[in-house]
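The values are calculated or read from the model by the stated rules, or taken from the named source; none is laboratory data. This one's a predicted model, so the numbers in the text were calculated from it and none came from an experiment. Note that we place each Cβ from the backbone using ideal geometry, even for glycine, and neighbour counts take in every protein chain shown. Calculation scope for accessible area: heavy atoms of the full protein, side chains included, ligands and nucleic acids excluded. Shrake-Rupley method; radii C 1.70, N 1.55, O 1.52, S 1.80 Å.
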Amino acid sequence: MKLSTIDSAAAQQRYSSVAMLLHWAIALALAFQLALGFAMPKDERGFALYQLHKSVGITILLLTLARLAWRLTHRPPPAVERGFNGFLAKAVHVLLYVFMIGAPLTGWAVVSTSRIQVPTMFWGAIPWPHLPLPHGVHEIAEEGHELLAWIGIALFLLHVAGALRHQFLVKDGLLKRMGPRGSAGLAGLLAALVVVVYFGTGMKIATDVVAAGGYGPTVTPAAAPATTATPIAEATPVAEETEAVEEEEAGPPPTWAIQRGGRLGFTVTSGSDSYKGSFSDWSGSIKFDPENPESADIRMNINLASASVGDETMDGMLVGADFLAASAHPTATWRSTSVRQTGPNRYRADGTLSLKGASKPQSLTFTLSGEGLRRHVEGSASIDRNAFGVGTGESAAGLGGSVALNFAFDAVGREP
């Protein structure tokens, strides 16, 4: 019997159903993972995708180990080629296994040795441990992970090119070996789906990034740290007016009710990036006369457990002992000690912030718009998180020392 006849017969021997299922599941996961890794935003907007990237990587590792175990315990169909081409095909297969195991492991090492220790939740449900590695290997692991990604793409393309060569040039029906029901058409359809997943994922994420204004971090004007010193140019006209006009003794200030729909947000930097979040549960009592701010009495209460940056894992860290310690100190309070006008509808309020068992002086600035007893309030403050012990250990090593607080709400007043 001729060698070509033997090879053709070997090509017709199909892989088992389990082997085919694992092969195509890994192929789809790899296409999605590679597109996700290269296209996802590199700032805080990419955090949720970063968590997804970790879960997909762990899944690929587990599927690859299962595929390897199945291959070692179940004889695969015989090789269809000998000589150099056979050696090349076998080398690509072996290197693909190295890539599919090495890439998740180096990614695991990157996460485990990062200065900011972010817990890994496998598909948001199962805690995944960190590897016991020193921080010194972080850079090596990071470079290795990126290099393996590029190698993986090259191997991916070689593998596909080899399959296409057999199907259209050699015409030995090789695709049938990995096609459901022995169909080369179904195998080709699955291969096309892999390509669609890769490019579809990359294009979708890239489109979202462009719509959001690029990869760079964005900081809204409301989130900018408040200026602690009152500008002389703004304070002087008010001071002169106060000295020039003798005011009649003012009565009790109006009481203001904060309306629903307000926002209390925060921003903290991490290198060139920034993390943004908000508190969903906060309240206040306000006695304030815009014409006589010196008589103001403003108090704010914040439920620290309501802090969120939009990711379940990070939210768990945020309310934990290293940061807000919401279990031990559930509420932060701020109370004004003095309020003064710094310009038209602009004010500075000095007060005391009590947070995580510490009480420190804390100022904020705000502006008013509207008229009479219906006003809109917007303001900001810059809080020294280290003064209150918010963010300790390696998990906060890369974070900036100041947290920019911003708030906006509508208030309806009632005369006393």
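Observations on the model:
- Criterion (closer than 23 Å to residue 275 by Cβ and either exposed (fewer than 15 other Cβ atoms within 10 Å of the Cβ) or among the hydroxyl-bearing types (Ser, Thr, Tyr) (or both)) met by exactly one of 124, 136: 124
- Filtering the stretch 336-352 to residues that are of a type in the set (D, E, K, R) and crowded, with 21+ Cβ neighbours inside 10 Å leaves only 348.
- In the stretch 287-303, residue farthest from residue 50 (Cα to Cα) [restricted to those that are among the polar types (S, T, N, Q) and part of a strand (DSSP E or B)]: 301
- Hits in the stretch 388-401 - residues which are surrounded by fewer than 17 Cβ atoms within 10 Å (Cβ to Cβ) and in a strand (DSSP E or B): 401
- If you go through the stretch 319-333 and pick out every residue that is open to solvent by 30 Å² or more (accessible area, probe 1.4 Å) and closer than 14 Å to residue 396 by Cα, you end up with 3.
- Among the residues of the stretch 52-96, the ones that are exposed (fewer than 12 other Cβ atoms within 10 Å of the Cβ) and in contact (Cβ under 8 Å) with a residue 24 or more places away in the chain come to 3 in all.
Rundown of residues vs (1) assigned to a loop (DSSP other than H, G, I, E, B); (2) in contact (Cβ under 8 Å) with a residue 40 or more places away in the chain, yes/no style:
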{"site": "305", "(1), (2)": "no, no"}
{"site": "320", "(1), (2)": "yes, no"}
{"site": "334", "(1), (2)": "no, no"}
{"site": "362", "(1), (2)": "no, no"}
{"site": "379", "(1), (2)": "no, yes"}
{"site": "386", "(1), (2)": "no, no"}
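- All conditions in (1) assigned to a loop (DSSP other than H, G, I, E, B); (2) surrounded by 16 or more Cβ atoms within 10 Å (Cβ to Cβ); (3) over 30 Å from the mean Cα position of the chain (by Cα); (4) not hydrophobic (A, V, I, L, M, F, W, C) hold for residue 284, with the sole exception of (1).
- The listed residue being modelled with pLDDT under 85 and assigned to a loop (DSSP other than H, G, I, E, B), out of 78, 132: 78
- Selection of first residues in the stretch 239-267 that are assigned to a helix (DSSP H, G or I) and of second residues that are modelled with pLDDT of 90 or more, restricted to Cβ pairs under 9 Å at least 6 apart or on distinct chains, gives the following pairs, ordered by first then second residue: 242/341.
- Top-ranked residue of the stretch 1-30 - restricted to ones that are open to solvent by less than 20 Å² (accessible area, probe 1.4 Å) and modelled with pLDDT under 85, ranked as nearest to residue 146 (Cα to Cα): 11
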